[in-house]
Structure formats: structure tokens, C-alpha cells
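Asks: Take a look at the following structure, please.
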Amino acid sequence: MHKLYISNLSEHVGEEVTVKGWVFNKRSSGKIKFLILRDGSGYLQCIYFKGNVTPEVFELADKIGQESAVEVTGKVKAEPRSPGGFELDATGLSIIHETHDYPITPKEHGVEFLMDKRHLWLRSSRQVAIMKIRHRIIKAIRDFFDDRGFTLMDSPILTPSACEGTSTLFSTDYFDLGKAYLTQSGQLYAEAGALALGKVYTFGPTFRAEKSKTRRHLTEFWMVEPEVAFADLDSDMDLAEEFLEYIVQTVLKDRAEELKTLERDITSLQKVVRPFPRISYDEAVDILHKNGVEFEWGNDFGAPDETVISSQYDRPVMVHRYPSEVKAFYMKRDPNNPKVALAVDVLAPEGYGEIIGGSQREDDLEVLLGRIKEHELPMEDFEWYLDLRRFGSVPHAGFGLGVERTVAWICGLEHVRETIPFARMIYRKTP
Ligand code: 4AD
Ligand code: MG
């Protein structure tokens, strides 16, 4: 017989069933004991009436510790007021593993304590909801690109060089070949892929030795990076807005229950439909000035600046054409204004900041050579990349979406540390 999960109980109303799980919570009122069982698929209230069960079972239902693993038996009853919509008129209770003094109780705990106990904290209803939404977002990402003719092309994690600036590189000794670096982005390889396969995406962990201790920074995070041949900045923005609308609307449709658990205000998510506003960096600077923010043209936006800019809109805003000085070496300059790069950042609403960074790429060999020199990057490590401009170079563009910032935004979380199963930050590498 197949193992029965709580989420499938609707097919078994009126039947006697056995369910395995963990004791999530319990309460008692005289002759009745309530056990809330969780099994990962859902929650089930099991009711033990003193008159209906043996004294041993009744006693066990009273004494059993939170997070003990158990097997319960009883009859499934529809109960609209119950979590999940069903209850169990329980008769049997047997122990798989008994435990007492589980460190995370239903009362409040500090975040650092919970992060230390992350391996257990993941069992809480809130964390389960976040992980289910994260999974749905990841599947939506894959479905979106797979359904549009993109090929998934994995990029290496150990790399010879920097993609996003040398100041945030993690390095390791690599046999006789000197240093290797943990990848900051799969983009350079995605570009090779786009020229081979037309449209590709890379999707994997990326690393930044970020000294920033903020609510948006992890040292290890997941990034999806589409790259398209024969594409310019405008079509890159078209792709980004269609992509974000798809992700948000899919989560709203398929993970309504989990969003409710998180008490997420979904009205703001419902507004995430195309078209998104598109403003230039210059216009964004004007917004800052009009709101009394001191900001000098040529700087990059900080988190508070992004919040002011995005608060003007009820959906994600695409800010394009940043000063090329603050952007990466591979970005193409605007032929109409070489001071700015054909770059775009997508800022999420509600103060969640940049979730996408992208650009049209420099496709001219000579210009790119000059940029690599300006940025003092080791030319020999970029020879292969320059080949992409020597043999069949075409206009091409792409972007990167950070999964954790997207999960934080959609779930309405304060900090990215809760969006990934085991967060890595400047001050944390355990558990
Ligand atoms: O803007 P970034 O640095 O862009 C790139 O890496 C490009 N190579 C992408 C491309 O064009 N293919 O990073 C892209 C996104 C950011 O918008 C953000 O969502 C996320 O990656 N990100 C981080 N997320 C968590 N912690 C960090 N330290 C992050 N750094 C970037
Ligand atoms: Mg960026």
C-alpha cells in the first residue's frame, strides 16, 4: 500500500486510515486530547476522546513531546474549521521516535537562535510555507524558459576570472594552475551558449564575498541568467517583465494557502502585470531630487535610493541606462550617449530593491578589449570570451534574477536569510 499523506485525506473521508508524521502541537480539554500532526504535506488535527481509546493511548496522547515521530490511526472526518479541512477521530497512537524538550517551542525565539537551529527551524509552518513558495518560484523559472525555446546550459562554479568585479571574489588554490574563483555569475558562459544555441539560461548557485551585512545580501545565492542572441536592451526588458509577471501570477495561483500562512498582503502582488514602467537613470535621479534626496549623477543607487524610486510605482520599475562607470566591463555603451551603458536594473515594489540586473553586451572586439584593460582584468583569462567577438559576433543581451531576493519580495519577508534553506552570510556558515 502507498503511504498516505495528509494532503490526500480528502479522498478518504469516512475511512479508517493510518498516517505517519510528527507531533506539531497539542492541547487538552479534560476528556479530549488534540494532537496536531504534520507530515510535510499538511497538518491534521487528531482527536482522542477518553471514552473511545484505551487508557494507554489516552495517556500517551497527553505525555508525548513536541516533534515526536508517530503513527496515528483513526477515521477521517470533514471539518471545515480545521486546518486542511479534515480531522481524525483517532483511536490509535504509536511511537516511531519519542522526544522531549524540542528546543523550538511555539513561543517567541530570537532570530540568531533560530538561525543556529535552522535545521530544526525548517519544520515550522512559516518556514515550510516559504520553502514551498521557493520551490514553486524555481519551477516557474524553469517552465518559463523551457516553454519559450530556451536551452538550460549549466555554467562552471570554479572559474579562472571575475565577472562582476574583483572585490567580491572567493578564491581557492587550484592544483598547479594557481587560483580558481567561485563563480559570481554564469553570464560569460551563457554568452558562449547563446551564440551556440540562440537562447539559453544558466541556473545555479553564485558567490559573492560581499562585505555587506544587509537584509538583501548573501554570500551564496541562486541566480537564473537568460541570454539571447540578436537581442537589444528593449527586448531584454520585454523578456524581464514577461518573466516577472509570470512568476508572480503563478505563485498567486498555486501557492495561495502558503501566502496566507505568511499573512502576505496579496493585493500588491496582484498588480504585478505588464507593462512595467521604464525610466532612465536620469529620470530616476530626478525622482530622488524631487523627494529631497541628495544624490550626485554618476553614483550607483543605494538601497534607500531604490526604495524612494520604487515607491513611486505600484509594480516593478525598470531603470535603464546607468552611467557606464558604475557598471560591469561587458556592458555596451549607448551609441547615442557613450556616458551611459545599455543596462537595466529591475527594482521590486515595497522596498525590496534590485531583483534583476541585465544589459545588452559589448559585441565589438576592439571596444571590449579596451574595457578589459580599463578594468585591469587579466587579458589571458578573457581570450576565450573575446573569441565570441571574433567569430560571428552579434548584438546580444541577457539578465540575472536573484532567487532569494525574489522569494523575499513575494513572501513579504524582512530578510533574505529565511528564503534559502541554509543561508551563507558574512557572519554565518553554519549549520
Ligand atoms: O546585478 P548582478 O550582479 O548581475 C549579474 O551578475 C549579471 N552577470 C547578470 C546577467 O546579466 N546575466 O546580479 C543579478 C541579481 C541581482 O539583481 C540580485 O537579485 C542578485 O543577483 N544578487 C544577490 N542576491 C543575494 N545576495 C547577493 N549578494 C546578491 N548579489 C546579486
Ligand atoms: Mg546589479
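The values are calculated or read from the model by the stated rules, or taken from the named source; none is laboratory data. Please read these numbers as outputs of a predicted model, since none were measured by experiment. Backbone-built Cβ (ideal geometry, glycine too); neighbour counts: all protein chains shown.
Asks: Pairs, please: C-beta under 6 Å, at least 6 apart or cross-chain, first residue at positive phi and in region 337-361, second near ligand 1 (Cβ under 7 Å from one of its atoms)?
Replies: What qualifies is 353/216.
Asks: Further question: Can you pull out the residues in region 115-160 that are part of a helix (DSSP H, G or I) and touching a strand residue (DSSP E or B) at 6+ places or on another chain (Cβ under 6 Å)? Give the steps one after another, and end with the answer.
Replies: First, the residues of region 115-160 that are part of a helix (DSSP H, G or I): 115-116, 118-121, 125-146.
Listed by number, the residues that qualify are 141, 145.
Every residue, every condition in (1) closer than 21 Å to residue 407 by Cβ; (2) in the same structural domain as residue 233 (by TED's automatic domain parsing); (3) within 15 Å of ligand 1 (Cβ to nearest atom), yes or no:
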residue: 288; (1), (2), (3): no, yes, no
residue: 302; (1), (2), (3): no, yes, yes
residue: 319; (1), (2), (3): no, yes, yes
residue: 332; (1), (2), (3): no, yes, yes
residue: 340; (1), (2), (3): no, yes, no
residue: 343; (1), (2), (3): no, yes, yes
residue: 356; (1), (2), (3): yes, yes, yes
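Asks: Within region 388-400, restricting attention to residues that are farther than 15 Å from residue 238 by Cβ and of a type outside the set (D, E, K, R), which residue is nearest to ligand 2 (Cβ to nearest atom)?
Replies: 400
Asks: Out of all the residues in region 136-194, which are within 16 Å of ligand 2 (Cβ to nearest atom), farther than 19 Å from residue 361 by Cβ and of a type in the set (Gly, Ala, Ser)?
Replies: 167
Asks: Please count how many residues of region 87-124 are within 18 Å of residue 67 (Cβ to Cβ), touching a residue at least 12 places away in the same chain (Cβ under 8 Å) and either in contact with a helix residue (DSSP H, G or I) (Cβ under 6 Å, 6 or more places away or on another chain) or of a type in the set (A, V, I, L, M, F, W, C) (or both).
Replies: Going through region 87-124 one residue at a time, the tally reaches 7.
Asks: Return the residue satisfying two criteria in turn: it lies in region 172-199 and is in contact with a Gly (Cβ under 9 Å, 6 or more places away or on another chain) and part of a loop (DSSP other than H, G, I, E, B), and of such residues it is nearest to ligand 1 (Cβ to nearest atom).
Replies: So, considering only residues that are in contact with a Gly (Cβ under 9 Å, 6 or more places away or on another chain) and part of a loop (DSSP other than H, G, I, E, B), the one nearest to ligand 1 (Cβ to nearest atom) is 185.
Asks: Separate question: Mind counting the residues in region 269-285 that are in a helix (DSSP H, G or I) and either closer than 18 Å to residue 343 by Cβ or at pLDDT below 95 (or both)?
Replies: Summing the residues that are in a helix (DSSP H, G or I) and either closer than 18 Å to residue 343 by Cβ or at pLDDT below 95 (or both) in region 269-285 gives 5.
Asks: From the list 366, 376, 350, 383, exactly one residue is in contact with a helix residue (DSSP H, G or I) (Cβ under 7 Å, 6 or more places away or on another chain), of a type in the set (Asp, Glu) and either more than 16 Å from ligand 2 (Cβ to nearest atom) or not in a helix (DSSP H, G or I) (or both). Which is it?
Replies: Only one candidate qualifies: 350.
Asks: Could you tell me whether region 296-303 includes any residue that is within 16 Å of ligand 2 (Cβ to nearest atom), crowded, with 20+ Cβ neighbours inside 10 Å and under 23 Å from residue 242 (Cβ atoms)?
Replies: no
Asks: Could you please find all residues in region 382-407 being of a type outside the set (A, V, I, L, M, F, W, C) and surrounded by 14 or more Cβ atoms within 10 Å (Cβ to Cβ)?
Replies: Those that are of a type outside the set (A, V, I, L, M, F, W, C) and surrounded by 14 or more Cβ atoms within 10 Å (Cβ to Cβ): 385, 387, 389, 393, 395, 396, 398, 400, 402, 404, 405, 406.
Asks: Looking only at residues in region 200-242 that are in a helix (DSSP H, G or I) and among the hydrophobic types (A, V, I, L, M, F, W, C), which one is surrounded by the most Cβ atoms within 10 Å (Cβ to Cβ)?
Replies: If we filter region 200-242 for residues that are in a helix (DSSP H, G or I), which is where we start, we get 233-242.
From what is left, the residues that are among the hydrophobic types (A, V, I, L, M, F, W, C) are 233, 237, 239-240.
Details: 233: 22, 237: 21, 239: 22, 240: 24.
Applying the filter and picking the extreme gives 240.
Asks: Residue 149: farther than 21 Å from residue 199 by Cα and surrounded by fewer than 16 Cβ atoms within 10 Å (Cβ to Cβ), yes or no?
Replies: So residue 149 fails the test.
Asks: Anything in region 25-65 that is assigned to a loop (DSSP other than H, G, I, E, B) and hydroxyl-bearing (Ser, Thr, Tyr)? List them, or say none.
Replies: Selection gives 41, 54.
Asks: Go through (1) touching a Ser or Thr at 6+ places or on another chain (Cβ under 9 Å); (2) surrounded by fewer than 16 Cβ atoms within 10 Å (Cβ to Cβ); (3) in the same structural domain as residue 28 (by TED's automatic domain parsing) one by one and return the number of the condition residue 88 breaks.
Replies: In the conditions (1) touching a Ser or Thr at 6+ places or on another chain (Cβ under 9 Å); (2) surrounded by fewer than 16 Cβ atoms within 10 Å (Cβ to Cβ); (3) in the same structural domain as residue 28 (by TED's automatic domain parsing), residue 88 misses (2) alone.
Asks: Test residue 206 against the criterion of being hydroxyl-bearing (Ser, Thr, Tyr), at pLDDT 95 or above and more than 16 Å from ligand 2 (Cβ to nearest atom), and give yes or no. Don't jump to the end; show me each part of the working.
Replies: Numbers: hydroxyl-bearing (Ser, Thr, Tyr): yes; at pLDDT 95 or above: yes; more than 16 Å from ligand 2 (Cβ to nearest atom): no.
Here the answer is no, as residue 206 does not meet what is asked.
Asks: Pairs, please: C-beta under 8 Å, at least 6 apart or cross-chain, first residue touching a residue at least 12 places away in the same chain (Cβ under 8 Å) and in region 154-174, second away from ligand 1 (no atom under 14 Å from the Cβ) and part of a loop (DSSP other than H, G, I, E, B)?
Replies: Taking only residues 6 or more apart or on different chains, the pairs are 158/174; 161/377; 161/378; 162/377; 166/377.
Asks: Which of the residues belonging to region 291-310 are more than 21 Å from the chain's Cα centre (by Cα), among the charged types (D, E, K, R) and outside any loop (DSSP other than H, G, I, E, B)?
Replies: 305
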